[in-house]
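Take a look at the structure set out below.
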Amino acid sequence: MIIIVGAGLSGLLAAYRLKKASIPVKVIEARNRIGGRIHTLISENKTPVEMGATWFWKTNQHLIKLLEELELSAFEQFMEGSAYVQYFSNSPAQPVDIPPQETSFRIAGGTSSLIAKLAEHLSSEELVLGEAVQKVELHNNSLKIFTTQNEYEAEKVILAIPPRLVARSISFSPELPTDITEIAEQTHTWMEDSIKVALIYKSRFWKKRSLSGTVFSNVGPVTEFYDQTNAKDTHFALCGFMNSAYQSLSNAEREEKVVTQMTQIFGEEAADYLAYEETVWNEEKYTKASSDSSLYPHQNNGHSIFQKSFMQQKLFFANAETSPQSPGYMDGAVYVANEIAKTIIG
């Protein structure tokens, strides 16, 4: 049996590939939900908003081929009309025309529809939630995996969680080489310090005013906001990133600041919202590994050391940050899961 640690995109895709090859698998996920940093919230009026991974591009062929294989559709990110830019705190946001840029796409039904489609192929025995892996031990010709609740045995283990989280939360016997643990400690995890926020509306008022819904702000609290209307144009929202300096505030305090800023930019229509949603990723202990050191974005993502196997070629790293192609992105998560599965299948 192959045990996969983490039920994010890489972990579930690796399980899907291995199971199709008739190789027994078990996915162990610490959270009580699947998806990892793919997290589509269904808000007021059944409006889907992306609290994690959202966009992809035509160059992301590994992801595109997977969507085609699973018969999932995509649609263009709405960017038509003017955007607002806030340059200084003492001056109002200015409407500007968005220059031509590479078209970005979103997955119809929400990014989590990709996760759900992969998970459909796993039984309740093959997908274990609410168990955090704490230790991996090499015993003769197998690996023993100890979680917060159980003990398992596997022929091989795939670590499909951020390397920094591996270094901080899982012990190994015998210990992993110093070079891999040091690099893992210094590998940036995408989203780990992000705050994503969304406002849900009953209508797409910005489009009626020839606005794209896009906001770029140098002063915050929201630094980027985008239209998050669904593929069928039936549910409406604005969603984006809040400055991580606001993580110490309460949910209500952040909501107030977001609404105030958007009302200043879009006018009173922005204050007439149905719901506010947020995810503070710094508070997600299975994403953010506590650390005294800060890392620059994508630091050590795709490092060559993650392409190696360990513990007598029985332990593999396979998540977005370890991918040598498109590291830190969904496309990278797909690529590395495919490659590890090929290696194991032989």
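The values are calculated or read from the model by the stated rules, or taken from the named source; none is laboratory data. Values in this document were obtained by computation on a predicted structure and should not be read as measured data. Here Cβ is always computed from backbone atoms with ideal geometry, including for glycine, and neighbour counts include all displayed protein chains. Accessible surface areas use protein heavy atoms only, side chains included; no ligands, DNA or RNA. Shrake-Rupley method; radii C 1.70, N 1.55, O 1.52, S 1.80 Å.
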ILE305 vs (1) aliphatic (A, V, I, L, M); (2) in a loop (DSSP other than H, G, I, E, B); (3) farther than 28 Å from LYS46 by Cβ; (4) modelled with pLDDT of 95 or more: all pass except (2)
Looking across the range 271-296 at residues that are touching a Phe, Trp or Tyr at 6+ places or on another chain (Cβ under 8 Å) and not charged (D, E, K, R), the single one that is farthest from PRO48 (Cα to Cα) is THR287
Exactly one of VAL128, VAL157 is of a type in the set (A, V, I, L, M, F, W, C), within 19 Å of ALA14 (Cα to Cα) and in contact with a Phe, Trp or Tyr (Cβ under 8 Å, 6 or more places away or on another chain), and that residue is VAL157
Exactly one of GLU131, GLU102, GLU68 is under 22 Å from the mean Cα position of the chain (by Cα), of a type in the set (D, E, K, R) and at pLDDT below 95, and that one is GLU102
Of the candidates LYS207, LYS156, LYS196, LYS144, the one satisfying the condition of being modelled with pLDDT of 95 or more and open to solvent by 70 Å² or more (accessible area, probe 1.4 Å) is LYS207
For the range 80-115, the count of residues that are touching a residue at least 40 places away in the same chain (Cβ under 8 Å), open to solvent by 30 Å² or more (accessible area, probe 1.4 Å) and among the aliphatic types (A, V, I, L, M) equals 1
Residue pairs within 9 Å by beta carbon, gap of at least six or interchain, first lying in the range 23-42 and of a type in the set (Phe, Trp, Tyr), second not in a loop (DSSP other than H, G, I, E, B), listed first then second, are none
In the range 242-294, anything closer than 23 Å to ALA30 by Cβ, open to solvent by less than 30 Å² (accessible area, probe 1.4 Å) and in a loop (DSSP other than H, G, I, E, B) is listed as THR287, ALA289
